[in-house]
Amino acid sequence: MNSATVDMRQALEKPEFMESLREILSQADDAIAEKAPECLGCGKCCDFKKMDHRLYVSTGELALLSTAQPSKPAELLQCPYQVESKCTARNNRPLGCRAYFCKSNLPDDFYEHFHNKIQKLHQTFQVPYRYMELTQALLNTD
């Protein structure tokens, strides 16, 4: 078992940590809704290779995402939770998924603001913090 998997399990074993993480992500969703960025529903955002985009996740976000069943096997730079342009892990998706839009009007520091809260949450609950590219992390978890 690799260290990222061990760290994810530590996160999942702390219900207060996971609930606090969900609350931060809910706050981010509310802040995003206020700005009403445009989502074209095309699913391109999940094709990281095509969009020349990389999605990074913290240990906690990866643990939360792991509670959803992927739709297909993990592949480098392709989200396994996407089916026909739709996210099958919508409620468990990481902050980066929530904040990335083809046409965004979110402030430049939006992601950093909420990511800092997630980092502090890891410290508060003593959950090891890692920051990993999503698809590589999914390929390396047991």
Can you list the helices (runs of 4 or more DSSP H) found entirely within the stretch 46-124 that contain at least 2 residues being polar (S, T, N, Q) and farther than 19 Å from Ile32 by Cβ?
-> 59-66, 110-124
Checking Lys103 against (1) open to solvent by less than 60 Å² (accessible area, probe 1.4 Å); (2) touching an Asp or Glu at 6+ places or on another chain (Cβ under 6 Å), which single condition isn't satisfied?
-> (1)
Please indicate, with yes or no, whether at least one residue in the stretch 26-48 is at pLDDT 95 or above and of a type in the set (Lys, Arg).
-> no
Name every residue in the stretch 117-142 that is open to solvent by 30 Å² or more (accessible area, probe 1.4 Å), farther than 29 Å from Lys49 by Cα and β-branched (Val, Ile, Thr), in order of residue number.
-> Thr124
Which one is farthest from the chain's Cα centre (by Cα), of the residues in the stretch 77-94 that are of a type in the set (Lys, Arg) and open to solvent by 50 Å² or more (accessible area, probe 1.4 Å)?
-> Lys86
Condition check for Arg9: open to solvent by 10 Å² or more (accessible area, probe 1.4 Å), over 21 Å from His115 (Cβ atoms) and part of a helix (DSSP H, G or I) | yes
Positions within the stretch 40-74 being without any contact (Cβ under 8 Å) to a residue 40 or more places away in the chain, open to solvent by 50 Å² or more (accessible area, probe 1.4 Å) and at negative phi, in sequence order = Lys49, Lys50, Met51, Gln69, Ser71, Lys72, Pro73
The correct count of residues that are more than 11 Å from Leu65 (Cβ to Cβ), in contact with a helix residue (DSSP H, G or I) (Cβ under 6 Å, 6 or more places away or on another chain) and among the polar types (S, T, N, Q) in the stretch 86-107 is 1
List the number of the failed condition for Thr124; all other conditions in (1) at pLDDT below 95; (2) under 23 Å from Leu12 (Cα atoms); (3) of a type outside the set (Phe, Trp, Tyr) hold.
-> (1)
Could you list all residues from the stretch 95-140 that are under 11 Å from Ala28 (Cα atoms), aromatic (Phe, Trp, Tyr) and over 13 Å from the mean Cα position of the chain (by Cα)?
-> Phe110
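The values are calculated or read from the model by the stated rules, or taken from the named source; none is laboratory data. Note that this is a predicted model, so its numbers are computed, not measured. Every residue, glycine among them, receives a Cβ derived from its backbone with ideal geometry; neighbour counts consider all protein chains shown. Keep in mind that these areas ignore ligands, DNA and RNA; they rest on the heavy atoms of the full protein, side chains included. Shrake-Rupley method; radii C 1.70, N 1.55, O 1.52, S 1.80 Å.
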